[in-house]
1. Would you point out the residue of the stretch 117-153, among those that are closer than 19 Å to residue 89 by Cβ and assigned to a loop (DSSP other than H, G, I, E, B), that is most open to solvent (accessible area, probe 1.4 Å)?
2. Is one or more of the residues making up the stretch 90-106 modelled with pLDDT of 95 or more, closer than 19 Å to residue 39 by Cα and open to solvent by 100 Å² or more (accessible area, probe 1.4 Å)?
3. Inside the stretch 73-83, can you point out the residues that are at pLDDT below 95 and either touching a His at 6+ places or on another chain (Cβ under 6 Å) or not basic (Lys, Arg) (or both)?
4. For the stretch 5-32, give me each residue that is in a loop (DSSP other than H, G, I, E, B), open to solvent by less than 70 Å² (accessible area, probe 1.4 Å) and within 27 Å of residue 89 (Cα to Cα).
5. I need the full set of residues from the stretch 33-80 which are in a strand (DSSP E or B) and either more than 23 Å from residue 149 (Cα to Cα) or of a type outside the set (A, V, I, L, M) (or both), in order please.
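The values are calculated or read from the model by the stated rules, or taken from the named source; none is laboratory data. None of the values given here were measured: they were computed from a predicted structure. Neighbour counts run over all protein chains shown; Cβ positions are idealised from the backbone, glycine included. When the accessible area is computed, the model is the full protein with side chains, heavy atoms only, and any ligands, DNA or RNA have been set aside. Shrake-Rupley method; radii C 1.70, N 1.55, O 1.52, S 1.80 Å.
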Amino acid sequence: MITVEQVRDLIQDKLEEKDCFVVELVVKEGNNIHLEVDGPKGFSIKDCVDFNKAIENKLDREVEDFELHVSSPGLNKPLRVIEQYYKNIGRELKVVTNDKTFEGLLKEVDEQGIFIEHTYKEKVAGKKKKEIIVKQEKILFDTIKETTIIISFK
């Protein structure tokens, strides 16, 4: 059986060459390899083909047959690795934590978590109308259940 470590070794040079990172690498039963790769500047179809060839050319189907799927993570999938957070600084995100949901602008990322700037309306003492409050919150990675990019066509 082909292992995750084998595939990771096969693509290591290509990851460095293309300045990319692995989002997910799974080898399922029957040597069904699923690889999702992304990079700070995105991951094109040509990049998918290059990674596919890097793996295909180094594995021998005569010795061990396999099925291979190489793709980018896609906008509709949740963020899964810290590099994706760095890549999406400045974008609107929806972050679901253990006890609350935030929608806001990703301002900063560090090893412990993320900083989200979000706005909400709140009644201020002495005022008739609610005022818009802008607040920046730090959200720790270990409290995040799911983070997705808010896709907007404005």
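1. 151
2. No: zero hits.
3. Of everything in the stretch 73-83, those that are at pLDDT below 95 and either touching a His at 6+ places or on another chain (Cβ under 6 Å) or not basic (Lys, Arg) (or both) turn out to be 73, 74, 75, 76.
4. Once the filter is applied, which keeps residues that are in a loop (DSSP other than H, G, I, E, B), open to solvent by less than 70 Å² (accessible area, probe 1.4 Å) and within 27 Å of residue 89 (Cα to Cα), the stretch 5-32 yields only 20.
5. Those that are in a strand (DSSP E or B) and either more than 23 Å from residue 149 (Cα to Cα) or of a type outside the set (A, V, I, L, M) (or both): 33, 34, 36, 38, 67, 68, 69, 71.
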